Amino acid sequence: MNGDRPMRNPEQGDKTFFIKIQCSLVLAALVSVLGGCSQKKGQETANANTQVVIALEGDIDSFNPLFAEDVAAGEINDLFFPGLTTSRFDTVLGVLEYEPSLAKSWEYENGNKDIRFHLQTNARWQDSTKMKAKDVEISYELYADTSVASIRQASVDGLRRTSSGSLDVSKAVEVVDDSTILFHFDHPYPGQLFDAGLPILPSHVFQNLPRTSMREQGPSRQPLSAGPFVLKSWKPLEEIVITSNPLSVVPHSAKLSEVIFRIIPDYHSRLMQLRAGEVDVLPYIEVEDALELAHKNMSIRIVPLGERFYDAINWNSIDPEEYQRSKGKVLRPHYLFGTARVRKALTLAINRKEIVDSYLRSYGKEAIGPISPLFRWAYNDTLKPLPFDPSLASKLLYEEGWRDTDGDGVLEKDARKFSFALRIPAGNQLRATIASIVQRQLSAMKIRVTIEQVERSVFWSDLMEKKFDACIAGFSVPLQLQLDEWWSSDLERSRFNLTSFRNKRVDEILAGTRRIVKETDHANAWKEFQTILQDEQPCTFLYWMNDLVAVNTRIQGIEMGILGIAYHAGDWYVGDQRADDKAQSK
Amino acid sequence: MNIHRMGKFITKKAASAVVLLFGLMTIIFVIAHAAPGDPVSAMISPKTPASVGQELRHQFGLDQSVFLQYLRWLENALKGNFGFSFSYQRPVVDVLMSFFPNTALLALSAIGLEIILGVALGILAVSYQNSWLDRIINNASLVAYTLPTFWVGLMFLALFSYALGLFPSSQMNSVEAEQLSVAGRCLDLVKHLILPVLTIAVSGAAGIARYFRASLLTVQNAEYVTYARSLGIKKRDIFLFYELPNSIAPVITILGLEIGTLLAGAVVTETIFAWPGIGRLAVLAMLSRDYPLILGCTLVSGIVVIVGNLIADLLYMYVDPRIRLPV
């Protein structure tokens, strides 16, 4: 056997064979690893382009403005579907102003109850179809149609109703001719132009779609744009690419060639890609990172969006169990938070300034009420936040009858302990930290707090049904100051009145907003409103948060603010692009 | 193997798989509906008018009893209609079809790497039996086998992506991928694939390495191998024709079991690395209470596990002639 083969050491041969196998297997495993290391070439090519990458935490829900609920979706849709008007926030006066968009001009008629809009005559959808007044009419018909179930249904509430009280959009939004449309409102109010500025949809695409299944139809995924950008591609859970729309005149084609929205769920990955220059815009950056980037990274600037969001500890003023049992008919005061004096004591016992200084630094501000300091005309700057005063808090609680008679370290009254659950939504690290601080500070007051983290949708569903004792929740203030839904005593109408706050004078002030034409006419009433809330302390208002966006300095022309991150993104340009454009036009 | 008998065997397995899937879907349907919250409250903002929520519940059939919803879902499923995804507003089948290839790519690459690494390490350990290398492989694979996938993923991310910047931290391709050549795009994909695949494969490869080593050592001490050696057959031939086929059976068993673990790992790995696959889709479906999509993801996972195990059974029978199909 093997006599005709050259002799060799069999052990040596076997070892070589095994080493060969091992090497080839290991090499096969590593080929892909090494192969992946060739890079950068494409990146350089992309960087030469006028392309901007924005990092998003999650995917968007729809490209259909009738249904898009997601904030990012709303901002992207605004770049596709122009409204009759566009808003601008005057930061000096703190008021919302309106500028022409699809409508080049407008005039008020019939004692300010009607507005006649004159449309641009050269505006076109991306398929070259002309934009007409009929697009406006159909859009508002769809927004109003209950079978469509648009999320913007409430925006048409101000339109004129028939004598029976029903809304007939074909009569309220009247097509005069192809480029003129007349809006009939029920009465003059400050937000008329806001409500007339909803995104306009292409009637030739939408009018024949089945109303009850409109969410499922193609336009939710393939929008037809008339704005500065058009959708190039949408890879769910990956990226959305929008490109400049050469046909747009509302207001014009985007200066950037492309904007890519990359979906990167992990915050640290987003931050790393920003640092590496792979991402140009990173919304909602954390304060610590913003401070570090602002000091160390010259190629990144931090843009504060403005104090539009506040967090508060909401004290439920009614007994949640009795409310559930009676199906909302019996409003018995909560045994802990039923009196203003106790609520005030709780506010005094929580060091809000320390929270702001420690966690929000220069990007936050102590809150005194639900009206943002941005609304300069309505904000009551004579009010100061209640101080951190534990001894006064103890005194107030003592006066209310809360004492630690059994010496167990917890206050009691009428055989009931001062003990409650503080609810926070799961996944919000800042609120979790604040809940711990509140727990510690109230513990020093002999108040026992247990923290309950609840899944977000369950958290809100329970809050709406008043199934809680106390919770940390936040709101963004509406750009038109209408706060009935938050503070009206009519709990069926005021879904966000989480604390079940009821006050006659506040109701009068809220009703007053429906009788004015100019928003700033109501300034004094709003200031009084804030004073009442400070006296009553339905919530412990914690802070106004300034959402922060990190932007690569190569991006110019940005107008980020309380109206959004992608606001007027059609005007963004990269580096010296403006100079290049000018040279080209010459 | 007798084709007729194999056909019968597969038919029998398929029939039991249908029953199994039916039970699985029923349990998942009940559990999903028992969870607090509903798709509409997850889908719309609290600021949306309550009437819109009611209309949507009506349109989605969520205003009916759970039992009626189940019957309706079952009726449609039997017709091949798995409903519309609430969050994607598209037929569930379309959504699954757009994400499944990504998971398949990830899973198959991971299985491939597990086999290559596991077998390579097993052979290496046996080649240097009782040496320091053998001990290192043995102990390291024991540690790797016990490591949780999420921890491995985060460590890889921290080390290779954040600290060293060698590999991308997320997604399937780079921003500039479209501008690259086909080869460039493939390389870009491979680059994105490495960390998630390694994350999934580490524990599986460690398991295979340990089982394969033990099996190979047993086979090497078997009488027929000693007999083959005494006949002067080359060691390479002994390895390829005697040792490898007889020691590979435990690897097939592990791979059969590994399919379920692989899918569970994909849920974690796809979420960590933002890989757009069925795992991440399932997590998002659960968070948004997208019942039809949850059921769709479960169905796909169930089918993959059942088919994977069937293939493992058949392979096992192929490599081990002692196991015969039942007559």
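The values are calculated or read from the model by the stated rules, or taken from the named source; none is laboratory data. Small disclaimer: the values here were computed from a predicted structure and weren't measured. Every residue, glycine among them, receives a Cβ derived from its backbone with ideal geometry; neighbour counts consider all protein chains shown. When the accessible area is computed, the model is the full protein with side chains, heavy atoms only, and any ligands, DNA or RNA have been set aside. Shrake-Rupley method; radii C 1.70, N 1.55, O 1.52, S 1.80 Å.
Numbers below:
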| item | result |
| --- | --- |
| From B:Y128, B:Y145, residue being more than 21 Å from the chain's Cα centre (by Cα) and open to solvent by 30 Å² or more (accessible area, probe 1.4 Å) | B:Y128 |
| Those helices (runs of 4 or more DSSP H) lying entirely in the stretch A:284-372 with at least 3 residues assigned by TED's automatic domain parsing to the domain that holds A:L442 | A:320-325, A:340-349, A:352-355 |
| Qualifying positions in the stretch A:110-142 - open to solvent by 50 Å² or more (accessible area, probe 1.4 Å) and charged (D, E, K, R) | A:K113, A:R116, A:R124, A:D127, A:K130, A:K132, A:K134, A:E141 |
| Checking A:E321 against (1) open to solvent by 20 Å² or more (accessible area, probe 1.4 Å); (2) under 22 Å from A:G564 (Cα atoms), the condition it does not meet | (2) |
| B:M25 vs. criteria within 30 Å of A:K235 (Cβ to Cβ), more than 14 Å from chain A (Cβ to nearest Cβ) and part of a helix (DSSP H, G or I) | yes |
| Residue that is in a helix (DSSP H, G or I), closer than 20 Å to A:P219 by Cβ, touching a residue at least 12 places away in the same chain (Cβ under 8 Å) and in contact with a Leu (Cβ under 6 Å, 6 or more places away or on another chain), where the choices are A:S139, A:S150 | A:S139 |
| Helices (runs of 4 or more DSSP H) wholly inside the stretch A:423-521 that include at least 2 residues being more than 14 Å from chain B (Cβ to nearest Cβ) and either small (G, A, S) or open to solvent by 10 Å² or more (accessible area, probe 1.4 Å) (or both) | A:429-443, A:504-512 |
| Filtered residues of the stretch A:474-533 (kept if at pLDDT below 90 and of a type in the set (K, R)) | A:R493, A:R495, A:R514, A:R515, A:K518 |
| Whichever residue in the stretch B:219-235 is polar (S, T, N, Q) and out of contact with any helix residue (DSSP H, G or I) (no Cβ under 7 Å at 6 or more places or on another chain) and, among such residues, is most open to solvent (accessible area, probe 1.4 Å) | B:N221 |
| Test: residue in the stretch B:1-16 that is within 9 Å of chain A (Cβ to nearest Cβ) and hydroxyl-bearing (S, T, Y) | no |
| All positions within the stretch B:236-265 that are open to solvent by 30 Å² or more (accessible area, probe 1.4 Å) and either among the hydroxyl-bearing types (S, T, Y) or within 13 Å of another protein chain (Cβ to nearest Cβ) (or both) | B:R236, B:D237, B:L240, B:Y242, B:L244, B:T253, B:T261 |
| Leading residue by the ranking (nearest to the other protein chains (Cβ to nearest Cβ)) among those in the stretch B:281-298 that are open to solvent by 10 Å² or more (accessible area, probe 1.4 Å) and under 30 Å from B:V190 (Cβ atoms) | B:L284 |
| Sole exception among (1) open to solvent by 10 Å² or more (accessible area, probe 1.4 Å); (2) part of a helix (DSSP H, G or I) for B:P321, by number | (2) |
| Test result for A:E321, more than 14 Å from chain B (Cβ to nearest Cβ) and among the charged types (D, E, K, R) | yes |
| Positions within the stretch A:377-422 being among the aliphatic types (A, V, I, L, M), buried (at least 19 other Cβ atoms within 10 Å of the Cβ) and outside any helix (DSSP H, G or I), in sequence order | A:A378, A:L386, A:L411, A:L422 |
| Helices (runs of 4 or more DSSP H) enclosed by the stretch B:53-154 - at least 2 residues per element that are at pLDDT 90 or above and within 13 Å of another protein chain (Cβ to nearest Cβ) | B:92-127, B:132-146 |
| Answer from A:S203, A:S225, A:S220, A:S257 - the residue that is out of contact with any helix residue (DSSP H, G or I) (no Cβ under 7 Å at 6 or more places or on another chain) and away from chain B (no Cβ under 13 Å) | A:S225 |
| Cβ-Cβ under 6 Å pairs, at least 6 apart or on other chains, the stretch A:92-104 side of a type in the set (K, R), far side open to solvent by less than 80 Å² (accessible area, probe 1.4 Å) | A:K104/A:H118; A:K104/A:Q120 |
| Helices (runs of 4 or more DSSP H) fully within the stretch A:1-109 counting 3 or more residues that are open to solvent by 20 Å² or more (accessible area, probe 1.4 Å) and at pLDDT 90 or above | A:71-78 |
| Residue ID - farthest from B:L198 (Cα to Cα), chosen from residues in the stretch B:145-165 that are in contact with a Leu (Cβ under 7 Å, 6 or more places away or on another chain) and aromatic (F, W, Y) | B:F160 |
| Some residue of the stretch B:266-275 being within 13 Å of the chain's Cα centre (by Cα) and either under 28 Å from B:K12 (Cβ atoms) or open to solvent by 40 Å² or more (accessible area, probe 1.4 Å) (or both) | yes |
| Selection count where residues are more than 8 Å from chain A (Cβ to nearest Cβ), crowded, with 24+ Cβ neighbours inside 10 Å and touching a Phe, Trp or Tyr at 6+ places or on another chain (Cβ under 8 Å), scope the stretch B:164-202 | 3 |
| Filtered residues of the stretch B:36-52 (kept if surrounded by 14 or more Cβ atoms within 10 Å (Cβ to Cβ) and assigned to a helix (DSSP H, G or I)) | B:P39, B:V40, B:S41, B:A42, B:M43, B:V52 |
| Of the criteria (1) assigned by TED's automatic domain parsing to the domain that holds B:F167; (2) modelled with pLDDT of 90 or more; (3) in a helix (DSSP H, G or I), which one B:I294 fails | (1) |
| Candidates A:D157, A:D186, A:D145 - the one that is open to solvent by 10 Å² or more (accessible area, probe 1.4 Å), within 14 Å of chain B (Cβ to nearest Cβ) and touching a residue at least 60 places away in the same chain (Cβ under 8 Å) | A:D145 |
